[in-house]
Structures are given as structure tokens and as C-alpha cells.
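The values are calculated or read from the model by the stated rules, or taken from the named source; none is laboratory data. Please read these numbers as outputs of a predicted model, since none were measured by experiment. Virtual Cβ from ideal backbone geometry, glycine too; neighbours counted across all protein chains shown. For accessibility, only protein heavy atoms count, side chains too; no ligands or nucleic acids. Shrake-Rupley method; radii C 1.70, N 1.55, O 1.52, S 1.80 Å.
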Amino acid sequence: HSELHIVLTSRGEKMAAKEVDAIFSLADTNKDGKLDYAEFCRLLESTAEQCQIAALERLEADAKLKRQNFGNELDSPPKSLASTAVTVPQPPHKTEPDITLKKDSRPSSRPSSARSRRSSLSNAITMAASSTKSIKLAEPTSIQDWHHTCMKGSFFLEEDGGITSLQYRLTVPQTATVYLTIRPLNLSQRLEKPSSWMSVDTAVFVVSGKDTKEDSTLVCFTESRDKEKCCWKGELSAGSYCLLPFTTGCRLRKRTRKSVSKPVTLVNRTDTGELDLTRDFRGALSDIFEVIDLDGNGLLSLEEYNFFELRTSGENCDEEAWAVCKENFDTRKNQLSRQGFMELNLMEASERGGDPTDLWVTLEAMGYNRNLEMVEACPFLIDVYCEEGQCTLQPVSLESGHRILNTALQRSITARSEVKTLRGQENVLVYTYRGEHRISTVIGNKTNQKVTVHVNNEQSKNCSSSRGMSVFAVEVPARTKMVCQHVLPINEHQEWTYSCVESIIPCQ
């Protein structure tokens with residue numbers, strides 16, 4: 001007891017003495033002052049399982065409440081929720097029936113109550129098919145003579161449905177004309193069957209100033225498209241800029257996970273009894289290597305490997321660990337080769353006797369399902385062409401990156417929008433941005449209290465909302481603006497119509 005007590009109260013995430021005594025009282029069944037190791041392990045495992053069950057129950061309850069209140073429904077709801085009506089809270093009013101929102105129903109888009117009608121806004125926009133649009137921004141004819149730098153990255157879906165990615169620092173040594181593009185990165189080796197994420201929309205927001213919401217200034221964003229590329233061309237002054245990759249979430253979103261009776265095998269044994277990685281797993285690791293090899297030189301630097309470690313384990317690889325890595329695995333120019341990356345993963349599998357549990361943790365963090373399909377990630381490629389001088393592009397990890405991106409996104413919408421007020425609510429504004437291939441809305445609340453806005457897209461045609469539902473509600477705190485939704489066509493080769501009705505839900 002005394003030895004373990006010292007360890008638990010003085011190292012790592014230190015425990016209080018009372019907490020340690022409580023553990024001893026549970027685990028020391030014969031009260032001899034020593035712990036039976038096997039019994040202690042069983043107690044530890046059973047406690048961990050109970051904690052996991054409790055945590056999952058809380059997550060499911062939170063997710064269900066979030067879906068009910070704000071319309072963040074999965075693309076295909078689970079069977080247990082498929083027939084469940086999502087009810088938006090209404091004030092107790094005998095003459096006004098409750099509004100029940102069903103994803104698949106097709107009632108009239110008009111709010112049910114006269115009170116709602118007085119504070120509603122209807123907006124309809126018809127967009128042409130992409131095949132009928134002319135390209136507004138073509139690639140510069142002399143681009144082969146421009147200075148060029150590029151960097152890879154990836155969008156990742158988080159458990160809460162949010163999307164994250166690295167941010168980048170662009171340094172422009174002198175005022176120059178810049179051509180900036182971003183596009184999904186095709187990892188498929190077969191031309192006739194490109195990677196499944198190639199239809200995911202991508203964009204980059206360019207922000208100057210410090211890495212805080214208050215000091216950042218939106219400079220520009222890639223607004224035009226040339227096939228799968230999203231582009232911007234213009235003049236940038238000498239200085240440092242933050243590049244914030246963005247995708248709407250209309251095409252990269254959480255979907256119902258299909259149960260896999262037998263996951264793909266990751267590790268097997270050779271004829272000599274030694275462990276080896278399967279062909280399928282090596283293929284997935286090769287694709288992961290392509291994604292994390294940010295500069296595309298075929299090798300992993302410590303910085304690149306660290307981004308991978310932070311994504312998959314949440315930990316940094318320090319210089320000492322990196323030196324050990326270089327000693328034991330194939331390296332070139334002090335960087336880890338593709339073969340070395342395979343060897344490192346084989347060593348991790350061997351250390352666990354072939355148990356694939358930790359390997360699956362890594363794969364799922366990188367967006368793979370149990371069929372070894374990358375379904376919750378979208379690799380991308382950023383290209384920067386500079387006509388005068390050599391720009392530099394570096395990946396950075398910003399804790400405030402999401403906040404800065406959200407601010408830049410709001411400003412890009414409000415600066416180029418048609419602005420309307422909800423009828424009878426002049427202090428609640430709806431900003432509607434109509435781009436070449438995207439429609440986005442922001443709701444502004446100028447009042448001193450929170451407002452809840454009911455949004456109905458049921459009359460839209462050939463449209464996909466980033467909310468994943470045709471009907472939902474948005475809570476907007478007092479004196480703030482909030483992105484309401486992004487909308488893209490389901491089929492870009494067909495005409496699409498955005499039709500939306502926003503109305504205030506009275507507070508209870």
C-alpha cells in the first residue's frame with residue numbers, strides 16, 4: 001500500500017490521499033495491507049467498462065437532445081429514431097398547436113401560428129446547373145513561370161460532427177500577385193475510380209493580423225471554381241497571413257455507421273510464425289503516409305510526424321523519442337521514409353502480440369471505418385503561385401483556429417449578402433450569401449436576449465444542407481451573429497432551388 005500510495009499521490013495526474021485509501025478499501029479484500037494483483041486488474045477493468053458505459057449514455061443523451069433542439073440529425077437516422085418526431089418547444093398557448101418537425105414529411109412550409117407568420121421571412125433562389133456556368137477565374141496563362149509552393153492537409157470529422165484541419169502560415173516577402181487554389185487530394189491509383197471524397201467542397205480563407213478573433217482581418221477567400229479546384233487571384237501585400245481551410249459539411253458529414261460483422265484483418269502471421277501487416281492495412285498506411293507527408297517530398301519530418309501523433313494519440317513526439325525512431329526504422333535525410341513508417345506500425349502491432357485495438361484507434365482517428373474505407377476525412381492540396389518573389393507556406397496548429405475561421409466565415413457572408421429582417425422583428429437579421437456554387441446564411445440578433453429561429457427548407461429542390469435536416473432550429477445569443485447553414489446542390493449537373501422560411505419561436 002505504501003509504495004503505491006507514494007506513486008499515485010506524487011506523480012502524473014496526482015490523486016488525493018482519500019482517493020487512494022478508497023481504492024485500497026475496495027481492492028484489499030483480506031485487509032493485509034497488500035493488493036492481490038489479479039484481483040486489482042479485474043477491478044480496474046470492470047471500473048473502466050462501467051465508466052465507458054456511463055460516458056456513452058451521457059453522449060447519446062446529449063446527442064439526442066442536440067438533434068431535437070437544433071436539427072443536427074445524422075444523414076440516415078438510426079432505426080430507433082427513424083420514426084421519432086422532433087419537437088421544437090412551444091410556449092404554453094391554448095390556441096396555438098405545437099409545431100412538430102419531421103425530417104421526411106412534406107407539409108406546407110408556412111408556420112402554423114398567426115404569431116409565427118408575423119415574424120417570418122421567406123427566401124427563394126434558383127441556381128443553374130454547374131455545367132451551364134462559365135468559369136469566372138481561369139488559371140493564369142504564364143503560371144509555369146510563377147514561383148510555386150504547395151502543402152497537403154486533411155479535413156477530419158470529429159465525434160460531435162464538427163470538422164477540423166490544420167491551418168497554415170503564408171509569408172509573402174513583397175507585394176505580389178498571388179493565385180491560390182485548394183482541391184480534394186485523389187489518393188486512388190485508378191483513374192476510372194477516383195477517391196470517394198473528390199466531390200467534397202473545399203475553400204481557403206486568408207486572414208491577416210494576430211492569431212486572435214479580435215485582431216484578425218479577413219483578406220479574401222477562394223470563391224471561384226475551376227473544375228474541382230476552388231480559386232482566388234489577387235494582390236497580397238508583403239506580410240504574414242493565416243490560411244484557414246474550410247468545407248461546409250454538406251458532403252463530409254457523420255453518417256450512420258454500418259455494423260461490420262468482421263472487420264478487415266490488419267495483422268497476420270507468416271509461414272515462420274512472425275507477425276506481418278496485411279496487404280489491405282499496408283495500403284491504408286500508405287495512403288495515411290501520403291496525407292501526413294505535408295510537403296510531398298516522400299519523407300516525414302519530425303513536424304509532420306508530430307501532427308500525425310497529435311491527431312491519433314494527442315501526444316507530442318519529442319526529440320529523444322524521434323532519435324530512437326530514426327535509430328530503429330528506415331530514414332533518409334534525418335526523416336522517416338514510407339518503409340520506416342510501415343516498420344514503426346509493425347513494431348507497435350508486435351509489441352501488443354498482434355492485438356489490433358490500438359491500430360484501429362489510429363485508423364479511426366484518420367477517418368477510416370472497420371472496412372478500411374476513409375469515410376470521415378477528406379485530404380486536400382493547397383497550391384500557392386506567386387508572380388513576384390517566393391512565398392513560403394508552413395503548417396501550424398492554432399488552438400484559436402476554429403474561432404478565427406468562424407469569424408472570417410461570418411464576415412465573408414455578411415459583407416456580400418442580401419440582408420433582410422424577420423417580419424415584425426427588425427432586430428433579427430438574415431444575411432444570405434449567394435456564391436457561384438454555395439448559398440450560406442447568417443442570423444444576426446441585435447436584441448438583448450437570446451432568440452430561437454425556426455428554419456424550414458422543405459420546399460427546396462436538389463439541395464443538401466450542412467445541418468443534415470430540412471427543418472431545424474437555431475439559438476442565437478443576444479448581440480451576436482451565428483452561421484445558420486450552408487447549402488449545396490445534391491446533383492451539380494441539375495438546376496437547384498433554395499427555398500427557406502425563417503421564423504421566430506417565442507420564448508417560453
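Couple of notes before you dig in:
- In Hz, Karplus ³J(HN,Hα) per residue of the stretch 336-342 (6.51, -1.76, 1.60; θ = phi - 60°; x = Gly, Pro): 7, 7, 4, 5, x, 5, 5
- Per residue accessible area in Å² of the stretch 267-375, where ligands, DNA and RNA are left out and the probe is 1.4 Å: 52
- Taken along its principal axes, the alpha carbon cloud of the stretch 1-69 reaches lengths of 53, 24, 16 Å, longest axis first.
- Backbone N within the stretch 292-317 under 11 Å of label point (7 Å from Lys326 Cα along the Cβ vector): 301-302
- When peptides 12-19, 423-430 are sorted by average Cβ neighbour count within 10 Å, with the highest value leading, the order is 423-430, 12-19.
- Each of Thr29 and Ala238 was given a label point 7 Å from its Cα along the Cα-to-Cβ line. The distance between the two points is 7.6 nm.
- Linear extension gain, Gln189 paired with His1, 0.36 nm per residue minus alpha-carbon span: 61.8 nm
- Computed from label points 7 Å out along Cα-Cβ, the spacing between Thr141 and Glu388 is 2.1 nm.
- The 3J(HN,Hα) values that the Karplus relation (6.51, -1.76, 1.60; θ = phi - 60°) gives for the stretch 187-201 are, in residue order, 9, 5, 8, 10, 5, 7, 9, x, 4, 5, 8, 5, 8, 5, 6 Hz. Gly and Pro appear as x.
- Segment Glu495-Ala48, extension gain: residue separation times 0.36 nm, minus the distance between their alpha carbons: 155.6 nm
- Translational diffusion of the stretch 267-375 was estimated from the Stokes-Einstein equation, with Rh taken as the Kirkwood radius over Cα pairs; at 4 °C and 1.567 mPa s the coefficient is 90 µm²/s.
- Listed values for the stretch 170-176 are Karplus-derived 3J(HN,Hα) couplings in whole Hz (6.51 cos²θ - 1.76 cosθ + 1.60, θ = phi - 60°), namely 9, 10, 10, x, 8, 4, 8, and x replaces Gly and Pro.
- Overall dimensions of the stretch 401-508, expressed as equivalent-ellipsoid semi-axes from the Cα gyration tensor (√(5λ), whole Å, largest first), are 23, 17, 12.
- Treating r as the C-beta distance of Cys507 and Thr272 and R0 as 51 Å, the FRET efficiency rounds to 0.10.
- Cα-based shape type of the stretch 420-482, given that a ≥ b ≥ c are square roots of the gyration tensor eigenvalues and the cut on a/c is 1.5: prolate
- Overall form of the stretch 328-476 per C-alpha gyration tensor (a/c, 1.5; a/b vs b/c): prolate
- With the cut-off at under 20 Å, measuring from each backbone N in the stretch 473-501 to a point 7 Å along the Cα-to-Cβ line of Thr414 picks out 474-487.
- A Cβ-based charge dipole, computed about the Cα centre of the stretch 1-69 with Lys and Arg at +1 and Asp and Glu at -1, lands at about 380 debye.
- Gain on full extension, evaluated as 0.36 nm per residue between Glu13 and Lys461 minus their Cα-Cα distance, stands at 155.9 nm.
- Cross-link pairs exceeding 20 Å in C-alpha to C-alpha distance, out of Lys193/Lys227; Lys254/Lys450; Lys229/Lys420; Lys254/Lys461; Lys193/Lys229; Lys420/Lys446, comprise Lys254/Lys450; Lys229/Lys420; Lys254/Lys461.
- Relative packing of 163-171, 21-29, which averages over residues the other C-beta atoms within 10 Å, highest first: 163-171, 21-29
- The stretch 271-334 versus the stretch 364-432: alpha-carbon centroid distance in Å: 28
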